[in-house]
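Quick notes on the structure that follows.
The values are calculated or read from the model by the stated rules, or taken from the named source; none is laboratory data. What you see is a predicted model, and the numbers here were worked out from it, not measured in a lab. Note: ideal-geometry Cβ built from the backbone for every residue, glycine included; neighbour counts use all protein chains shown. Side chains are part of the model used for accessible areas, which takes the heavy atoms of the whole protein and leaves out ligands, DNA and RNA. Shrake-Rupley method; radii C 1.70, N 1.55, O 1.52, S 1.80 Å.
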Amino acid sequence: MNLFGLFTEGWAVIPSAFTNVEPLVKIAERLSGSFRAAHIGRDNSARLEQNVRSDKIMWLDENVDPAVNVYLNQMEAIRELVNQRCFLGLFDYECHFANFEPGDFYKTHVDAFADERNPRGNRKLSSVFYLNKDWQPEDGGELVLYAPDSREEIARVLPQLGTLVLFLSEEFPHEVLPARRLRQSLTGWFRTRPQGI
Ligand code: OGA
Ligand code: MN
């Protein structure tokens with residue numbers, strides 16, 4: 001896995017990041033019916049804002065399916081690599097499935113704020129892993145990443161099966177453009193150590 005862009009620029013797009021992703025696609029399909037409307041805001045002020053985001057999500061834990069554990073182990077390996085290189089102090093990882101139905105979007109936002117004092121630990125590194133076979137440019141649904149200062153577009157990523165995107169949560173504004181077919185992903189965040197541990 002080539003994390004060079006992450007180490008130098010703070011973001012990376014990694015096509016075909018993992019092998020054998022078919023089981024994850026199957027689970028996402030199987031569980032789709034129980035995804036719930038996503039909320040925005042910090043944990044204690046989370047609210048439903050369908051004018052900002054309209055996707056549906058399901059948080060993951062080790063008990064969902066063995067294939068999820070394989071994924072979580074891969075993210076754990078990334079956590080260790082990043083900590084060795086970047087000293088970000090990444091402590092754990094939280095992750096949810098997300099479904100964007102045709103027309104769904106997530107307007108420009110950052111995933112965390114540098115001055116945040118989250119008792120659960122701050123989000124430092126965002127990850128998005130896509131589960132969509134044969135995604136075509138005309139299907140839309142791109143992830144657009146913007147530069148921290150200039151806010152100029154720096155990347156436009158098709159949510160293609162197997163592509164993993166990593167970026168520093170506090171630094172890169174980003175948005176999800178409306179898709180024309182169901183767009184499925186695993187979105188997660190590496191956090192710093194929770195307070196009091
Ligand atoms: C998010 C997000 C990006 C994507 O859930 O915070 O920005 O490509 N998702 O799905
Ligand atoms: Mn985001």
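Label zone of residue 177 (point 7 Å out along Cα→Cβ, amide N under 11 Å): in region 119-144 this covers 137-144.
Averaging sequence separations of C-alpha pairs under 8 Å and six or more residues apart, then dividing by the length of region 92-165, give the relative contact order as a whole percent.
Values: 68 pairs, mean separation 21.3, N = 74.
Reported as a whole number, the value is 29 percent.
Note on residue 144 and residue 80: the model spin-label points, each 7 Å out from Cα along the C-beta direction, lie 3.9 nm apart.
Annotation: lysines with alpha-carbon distance below 20 angstrom to residue 133 (same-chain offsets under eight excluded): 26, 56.
Would you tally the net charge around residue 171, using a Cβ to Cβ cut-off of less than 11 Å, leaving residue 171 out, and scoring K and R as +1, D and E as -1?
On the way: positive: 124; negative: 9, 111, 149, 170.
That sum, taken over residues with Cβ under 11 Å, equals -3.
Annotation: per residue accessible area for region 69-152 equals 49 Å², rounded to a whole number [probe 1.4 Å, protein chains only]. Per residue, the convex hull spanned by the Cα atoms of the chain amounts to 124 cubic angstrom. Taking θ as phi - 60° and the Karplus parameters 6.51, -1.76 and 1.60, the scalar couplings of region 96-106 work out to 9, 6, 9, 10, 10, 6, x, x, 5, 7, 9 Hz in sequence order, x denoting glycine and proline. Length available on full extension from residue 69 to residue 120: 0.36 nm per residue minus the Cα-Cα distance, which gives 16.2 nm.
Derived scalar couplings between HN and Hα for region 162-170 equal x, 7, 10, 10, 10, 7, 5, 4, 7 Hz in order, rounded to whole Hz, by the Karplus curve 6.51 cos²θ - 1.76 cosθ + 1.60 (θ = phi - 60°), x for Gly and Pro. Packing, taken as the mean count of other beta carbons within 10 Å per residue, orders the peptides 78-88, 5-15 from highest to lowest as 5-15, 78-88. Over the chain, dividing the summed -39,500 (n - 2.57) contributions of all DSSP H runs of at least 4 residues by the number of residues returns a 222 nm mean residue ellipticity of -6000 deg cm²/dmol.
Grab the other residues whose beta carbon is less than 11 angstrom from that of residue 68, score K and R as +1, D and E as -1, and report the net. Write down the numbers at each step before the final one.
Details: positive: none; negative: 61, 62, 65.
Local charge sum for residue 68: -3.
Scanning residues 5 or more positions from residue 193 or on other chains, those with amide H under 5 Å from its amide H are 91, with H placed 1.01 Å from N in the peptide plane.
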